[in-house]
Structure formats: structure tokens, C-alpha cells
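Worksheet: one structure, shown below.
Taken together, the values in this text are just the output of simple stated rules run on the coordinates, not laboratory data. It should be emphasised that the depicted structure is a prediction, and the values quoted were computed from it without experimental measurement. With ideal geometry, Cβ positions are generated from the backbone for all residues, glycine too; neighbour counts draw on all protein chains shown.
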Amino acid sequence: MSAQPEAERRWLRAAALIGLGVENVDTPALVIDLDAMERNLDRIAAFASARALRLRPHAKTHKSAELAQAQMARGAVGVCVQKIDEALALARAGVADIFISNEVIDPAKLRRLSEALRTLPTRFAIAVDSALGLERLAQALLEAGVTTPLSIDVFIEIDVGQGRCGLPPGAPAVALAQRLLTQPALRFAGLQAYHGGAQHLRSANERTGALHASAQAVRQTLDALAQAGISTPLVTGAGSGTFSIEAASGLWGELQCGSYLFMDADYAQNQTDPGAPEFEHALFIKAQVMSRGQDHAVIDAGHKSHALDSGPPAVAWPHDLAWANGGDEHGLLSAATPRARLPALGETVWLIPGHCDPTVNLHDFYVGLRGGLQEGRVERLIRIDARGALG
Ligand SMILES: Cc1ncc(COP(=O)(O)O)c(C=O)c1O
């Protein structure tokens, strides 16, 4: 009996389709429309470079070293991740510059990071929002023998309205920065200021209002730091829903948008900001009809293939179909308009996931398609290196 893991078998089976038409791709499959994704990459790169802003896309969206490198090849300074193990997976796969965009408090995880700092060529940065987090980071580096001055960039996270991580703006951030500056192995790199709750406010006006308050929190903190004689090298933050607002503020110097790469069905419900480029859907689930009823079609992709936390997937093809949850492995399609045609048994159906990040985490690899969903060919497979890297 072969010891080849099943994931590797699936990879090899899919790899055998490279060069062949999309109709051969097994279902359910996570598919990237490479042409659309590359247009998204180009649009954000042009946006950032026209404003002389640094781009550090969030790799929590794609979890792939190859896609991180595609972003960096177009000018991104590096990528963000949320988790230590995400950082390690991407660093081991060759990503050169990685920012862990929140505090990590667990000493065991910080030991893993410190070991990576010692042994991998990757440049790492991390956020903190407490004195204990800062102490533990410094201690882990010391224990691992990482004593070179300024070995790691450290950002202080402030809460700019989401009510998740981050210190209150102003004096608490100054106090933490003062502590940080006493740690020789750590470099104070600036402020982490991200408002996740504002990303999916539907109207551009609502998002502008929320970010106005975020900008005030950032300004207040920058002023307080300056008054304490501390200069702040950079403010980093922003997501795909608000980046044009941060960009226009003159406060943020680095943008962390992630979902722009794929544009899920939830993000498509946002009214586009007048100052932002349009992004296209580039991530799809290819499914097929496995059972037909009189008034419904059952597809072979349920919520084990795509996440439902941000709402249902949209049906990209055939048109005019409504999707309903049929369970773990099934989706139910019905007519949404009188002109809708229910697909036949075996027919292909294309879904746009409701939320791209957790959908990606359900798959081992992407099938990269060139030439569109109907006529395209499989160009390459792309590994999701940090799938399941939740620690
Ligand atoms: C800290 C941080 N920055 C940036 C992003 C990217 O946001 P989006 O995927 O909405 O562009 C996220 C997403 O959750 C985040 O948590």
C-alpha cells in the first residue's frame, strides 16, 4: 500500500490536467481566474504607487507563498499574516518579509517565531498591545539567543474603532512605546491601526464616517508620541473596503488590504468608494449538478467547500439562480427569476464564495485557470501553504 497522503494524490491528479480545458477539472474545486486576479494585482499596485504608499497585502486571504510573491513582484514590500504558524509556513516557502499583524501572547508560539528569526532569512515584524506581550516577546528572543540590536520590527496596535485588539489611543500607546524603546532587540516600527468593523459597511459614506474617527485616534496617538519625543516611522492598516480613505488621510503610510485579490460575494455588496479602483471576482468554486428535482438542482459543493460566515455564495453561472444551504456537501439551486434555467444533471455550476479567507482555508490548492471560466485552460496549481496554520 502506498504511503502517499491523499492530499498529495489529489494534487497529482489535478496537476495531470495542466494544459487541458476547464471542463476536466474535478469538482468541487477552488479555482482562480488568473486573468482577473492579475488585473486586481495591477490595480492595487498602481493605486499604491501613484500615492507613494507602501503596500503590504494581508496573506490571511490567500495563505499562499506563490501569491505573496506575485504581490511582492508588483511592488508590495511584504505581506501581513495573522498567526505565527501562517508566518512560518510562508517563510519556509520563501516569503522574504512578513508582518504578524496582532499581538501573540503565548510563549510557545513566540519561541517558534524566535527560532525562525534565528534560522530563516525572512524579515519579521509583529504587533503588540500590552506590556506583558512586549515582555514575553523580548524574553523569547533572549532565550533563543536573538540578541542583535533591532532584530525585529514591532508595531504598537491601537484600537481605532473595531473594539477588538489594540490599546486605547494616546497615552497608553506612548507608555508602551517607552517600554519598547528600552528593549535593544526590538525596533519601534510604528502603529498598527486597522478598523475591521468598517470594511463591510455598505455605503461609502458610512465607511468614511467610521474612518474619520479612526484617523482622529491615529492623529491623537501620533501627537502624544511626538510630545513624548518619540518619532513614529509608519502607520500601517486598512482593508479592501476602506483603503482609499486611509490612503487619502495622509496618516497611513502602508496598506494591508487582502480580499481585493479575490473579491468575494460579501465584498461585492459594498458600494464602491469613488476614489477606489474596481476589483473583479477572481475566486470561484467549480461544482456540478449531482441530483435534479422538479424545481431544484443539487450541486456537489456544500459548506465544506466554501464558508458561509459572511453570507451565501453567489451563483456566477448559470445566471438567475438562487442558492440555499443543502448541508455539508450539498448546495440547493432554484430559479430566482422567471427566465432562469435550472442546470441539468452533470452540468457545471460556478459559485463566488461568500467569504474568501475561510473558504481558502478549506482547500489544499488552487486550480489556476487562464482564459475564463467557460473556455479556459488549467495553467498551474497553486499551493495553499498555510492551510490550517491556525496556531
Ligand atoms: C489586521 C488586518 N489587516 C488587514 C486585513 C485585510 O482586510 P480585507 O481582507 O478586508 O482586505 C485584515 C482582515 O481581516 C486584518 O485583520
Placed amide H near residue 102: partners under 5 Å, 5+ positions off or other chain = 127
Starting with the fewest neighbours, write out 263, 37 ranked by other beta-carbon atoms found within 10 Å of each beta-carbon.
-> 263, 37
Footprinting exposure proxy for 278, 8 (fewest neighbouring C-beta atoms within 10 Å first) | 278, 8
Percent RCO, i.e. relative contact order, over segment 1-121, from Cα pairs under 8 Å lying at least 6 residues apart | 16 percent
Pairs of lysine residues in the chain - Cα separation under 21 Å, sequence separation of 8 or more or cross-chain | 9
So what are the ³J(HN,Hα) numbers for segment 258-263, from phi and the Karplus equation (6.51, -1.76, 1.60; θ = phi - 60°), rounded to whole Hz, Gly and Pro as x?
-> x, 5, 3, 4, 10, 6
Enter the Cα centre distance for the pair segment 26-69 and segment 82-108, rounded to the nearest angstrom.
-> 19 Å
For residue 317, distant residues with modelled amide H under 5 Å away = 350
Principal-axis tilt of helix 171-180 within the chain, Cα atoms, nearest 10 degrees | 80 degrees
Efficiency of FRET from Cβ geometry, residue 143 and residue 278, R₀ 41 Å, rounded to 0.05 = 0.25
Per-selection Kirkwood Rh - segment 285-391 (Cα, Å, 1 d.p.) = 14.6 Å
Amide H proximity to residue 330 below 5 Å, modelled H, separation 5+ or other chain, gives 302, 303
Between the Cα axis of helix 131-143 and the main Cα principal axis of the chain, the angle (0 to 90°, nearest 10) is 90 degrees
Full extension between residue 292 and residue 4 adds, at 0.36 nm per residue less the Cα distance, a length in nm of 100.1 nm
What number in nm² do you get for the chain if you take the convex hull of its Cα atoms and divide its surface by four?
-> 20.9 nm²
Using alpha-carbon coordinates, inclination of helix 204-227 to the longest axis of the chain, degrees | 20 degrees
Table column - 3J(HN,Hα) (Hz), segment 344-359, Karplus curve with 6.51, -1.76, 1.60, x for Gly and Pro | 7, 3, x, 6, 7, 10, 10, 10, 9, x, x, 9, 5, 4, x, 5
Could you put 305, 214, 151 in order, starting from the residue whose Cβ has the fewest other Cβ atoms within 10 Å?
-> 151, 305, 214
